[in-house]
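One structure below.
FYI, it's all coordinate maths here, none of it is from the lab. These numbers were taken from a predicted model, which means no experiment stands behind them. For neighbour counting, all protein chains shown are included, and Cβ atoms are generated from backbone atoms with ideal geometry for every residue, glycine included.
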Ligand code: IMP
C-alpha cells in the first residue's frame, strides 16, 4: 500500500520507514510530488499543524492515503516553548544546531524542574475516502547540561528521556524507536492499515 508522507524532514521519514519496515507499506515523500508547496504552519497546536499539512497534501493527492506529522519539544522552564515553533525557534531559517544552542542558553544552569521537558507528536492520517484519523505520542524527559551524541536529528542531542542518563542522540535510533513520541504515535497509526 502506498502512503504519502507530508514531510521533507529526512530524520522523520527514516523513523517512519524503520518503524514500519516489513508491513508492506511504500512511503513517498514530498520531494516526489511535482510543484508542491508546503503550507504555512500557522496552527497553535501540533494537531492544527498536522491537519493543515495533511489536508494540503490531500488536496493534490485526493485518491491516496496521506499522513502528516507535527512534533516538537516543550520545556517547562520555557513555558512549553519551543513547542509548535520547534523547527524555527532560533529564526525562520535556523539550523538544528542554532535551535539547540538557543534552548541550551536559556535553560542552562537552572533547576531540574525547569529543565524538565517532553517531546510531543501528533499524526493526522486521511484515507482515500477522506476519513481522518488522529494519533499522538509523548515522551517525558529533561534537557541535558551539555549537548552529546550524533544519532537522530533536531533536539536529540540535548534531550534525556526519563529513566536514562544519556541523550537520545547518544542512546541511538534503535533505543529512540522503542520509546519516542513519534514511535508511540506511529504504532497507533499502523493499527489502521
Ligand atoms: P515540524 O516539522 O514542524 O513538525 O518540526 C518539528 C521540529 O521539532 C523538528 O524540526 C525538530 O526541531 C523538533 N523535533 C520533533 N521531533 C523530534 C525528535 O524526535 N528529535 C529531535 N527533535 C525533534
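Structure above, values below:
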| quantity | calculated |
| --- | --- |
| 0 to 90° range, to nearest 10: angle between helix 10-19 axis and the chain longest Cα axis | 70 degrees |
| Prolate/oblate/rounded call for the chain, Cα gyration tensor, a/c under 1.5 rounded | prolate |
| 222 nm mean residue ellipticity, helices alone, for the chain (DSSP H n ≥ 4; -39,500 (n - 2.57); rounded to 500) | -9000 deg cm²/dmol |
| Ascending count of other beta-carbon atoms within 10 Å, so fewest first, for 8, 116, 144 | 8, 116, 144 |
| Acute angle (nearest 10 degrees) that the helix 181-190 long axis makes with the longest principal axis of the chain, alpha-carbon atoms | 20 degrees |
| Segment residue 145-residue 79, extension gain: residue separation times 0.36 nm, minus the distance between their alpha carbons | 21.9 nm |
| Antiparallel content of DSSP bridges confined to the range 2-190, in %, to 5 | 80 percent |
| Nearest-ten-degree value, helix 96-107 long axis tilted from longest Cα axis of the chain | 40 degrees |
